[in-house]
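The values are calculated or read from the model by the stated rules, or taken from the named source; none is laboratory data. Keep in mind the model is a prediction, meaning the values are calculated, not measured. Ideal geometry is used to build each Cβ from the backbone, glycine not excepted, and the neighbour counts take in all protein chains shown. Heads up: the accessible areas ignore ligands, DNA and RNA and are worked out on the full protein's heavy atoms, side chains in. Shrake-Rupley method; radii C 1.70, N 1.55, O 1.52, S 1.80 Å.
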Amino acid sequence: MGNILRCFKGEEDHGGGGDHYPYYRPTSGPSYQPPPQQHCSDDQPAAASRPRPHQQTLGPHGVTPATAGVAALAQDLRNFESTSMVPEALGQNVTSSKKAQVKWYRNMLEAYKNTMPPPKTSAEAAHLVATALSRIQRADLEGILAFYNLSIPSFPAASASSDNHPSALPEGIQFVLNTLPVNNKCIGDGDGFTAYVDTTNPRESANVPLEVHELVIARTQAHIDRDYQTANALLSSLDEAGYKIINISGEEILARKYRIRMRGIDAPELKMPYGKESRNALVKLIGGKCVTIYVYEQDQFERYVGDIYCDNVFIQEQMLKSGHAWHFKTYDKRPEFAKWEREARAAHQGLWASENPEKPWDWRRNQRNARHDAIQVY
């Protein structure tokens, strides 16, 4: 989302109030002003260069035109370590608050200290910044890289698998989602929930609609102007577009909304007997945690149907073994699912403590028929 947001410049706090974090004004710095920034792709225009005072010519001390930004970054991190102050001019390149900027420099300082030897080239410095700030909005990442005249690094697309899952995706999987922590309130019942995925994810970043970029920019401006009524209305418009701004550890993240249906199981509906217990079991497994979703398809309700993993645990397996869901045989023929349900039945786990629990698909059909009959009578 950076190409559009980068065009917006502004401070979040004007005239007092809000977060107050000190800035410092560097008294010296590399005098070299680099040529326009070269980006890794042709569709990304160069952002504004970092303002640096022209005080002296570069000397023979290891600072060259190619490494002026690296030296400036090192200097700013040393200043931050001793003063906890961030560069004053940074606010011209990013839209996040001063509080967020302080956290960025804390993360970059830690990464810098843990990198041996320290970065010496622009590419190494850009990689360090992008890695340390991987969770911030794309626009802010581009802005801070431009502030130090560093090119945007090219990262390979994120692997669809992790060390805990096979490197080759099973047949039928369309794509993989790695979510932000799942809010408990977003878990509707024992087999469905709403998840959000960070738009800095490589799969998401190129697909954010133009209207969403414009809404984010307008909301940021309204927040700066302290027009909170407009800002809240714009958040509602974002939600209608399928996106949400989520605050995680003091940082605002633009995320895309996904409605998820767990593949191969059917849990009691919330209004059914054992419906609340089933939902609570899923909350314990994934509530407040990031999950990995292997998406196979979308159903007739436009939900993404997939297998869910959290903390190296296959969630459908746990729901079946604990007796919190049925094997949905109509749509899933995996023999292990049938086996897990049989074991839970035999052990009278969960809903199987009842002699003859109502099947959720039968309950839904009865509800539909009852509504249909009521309409005909009317």
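Packing, taken as the mean count of other beta carbons within 10 Å per residue, orders the peptides 125-134, 174-183, 293-302 from highest to lowest as 125-134, 174-183, 293-302. Per-residue 3J(HN,Hα) values for region 211-223, derived from phi via the Karplus relation 6.51 cos²θ - 1.76 cosθ + 1.60 with θ = phi - 60°, read 4, 5, 3, 5, 5, 5, 4, 5, 5, 4, 5, 5, 5 Hz in sequence order (x marks Gly and Pro).
Say the cut-off is 18 Å between C-alpha atoms; which of LYS185/LYS276; LYS185/LYS289; LYS99/LYS289; LYS98/LYS120; LYS244/LYS284; LYS276/LYS359 go over it? If you can, show how the numbers build up before the last one.
On the way: LYS185/LYS276 13 Å; LYS185/LYS289 13 Å; LYS99/LYS289 25 Å; LYS98/LYS120 28 Å; LYS244/LYS284 24 Å; LYS276/LYS359 15 Å.
Pairs exceeding 18 Å: LYS99/LYS289; LYS98/LYS120; LYS244/LYS284.
Dipole magnitude for region 65-148: about 220 debye, using +1 per Lys or Arg Cβ and -1 per Asp or Glu Cβ, origin at the Cα centre. Residue-wise HN-Hα couplings along region 129-142, as the Karplus relation 6.51 cos²θ - 1.76 cosθ + 1.60 with θ = phi - 60° gives them from phi, are 5, 5, 6, 5, 10, 5, 9, 7, 5, 4, 4, 5, 4, 4 Hz; Gly and Pro carry x. Extending 7 Å from Cα along the Cβ direction at ILE248 and again at GLU214 yields two label points whose distance is 2.9 nm. In order along region 307-317, phi translates into HN-Hα couplings of 8, 10, 10, 8, 6, 6, 10, 7, 5, 4, 4 Hz, rounded to whole numbers, per the Karplus curve 6.51 cos²θ - 1.76 cosθ + 1.60 with θ = phi - 60° and x for Gly and Pro. Between GLN300 and SER237, full extension at 0.36 nm per residue minus the direct alpha carbon distance yields a gain of 20.2 nm.
Roughly how many Å² is the accessible area per residue of region 65-148, as a whole number, for a 1.4 Å probe? Numbers along the way, then the final one.
On the way: 3260 Å² over 84 residues.
Accessible area per residue, region 65-148: 39 Å².
In a fully extended conformation the segment linking ASN356 and VAL313 would gain 12.6 nm over its present Cα-Cα distance, using 0.36 nm per residue. Principal axis extents of the Cα atoms in region 65-148, from largest to smallest and rounded to whole angstrom, are 31, 26, 24. Measuring with a 1.4 angstrom probe and ignoring ligands and nucleic acids, CYS290 comes out at about 70 Å² accessible.
Taking 0.36 nm per intervening residue step and subtracting the Cα-Cα distance, what contour gain separates GLN75 from THR330 on full extension?
Contour length minus Cα-Cα distance gives 85.5 nm.
Heavy-atom accessible surface of ILE224, to the nearest 10 Å², is about 20 Å², with a 1.4 Å probe and all protein chains retained.
In the full protein context, region 232-378 carries 56 Å² of accessible surface per residue, based on a 1.4 Å probe and ignoring ligands, DNA and RNA. Heavy-atom accessible surface of ARG203, to the nearest 10 Å², is about 90 Å², with a 1.4 Å probe and all protein chains retained.
With r as the distance between the Cβ atoms of TYR228 and LEU270 and R0 = 22 Å, compute the FRET efficiency 1/(1 + (r/R0)^6) and round to 0.05. The partial results should precede the final answer.
Working: r = 34 Å, r/R0 = 1.55.
Computed FRET efficiency for LEU270 and TYR228 comes out at 0.05.
First measure r as the distance between the Cβ atoms of GLN92 and ASN184, then evaluate 1/(1 + (r/R0)^6) with R0 = 35 Å and state the FRET efficiency to the nearest 0.05. About 0.35, to the nearest 0.05.
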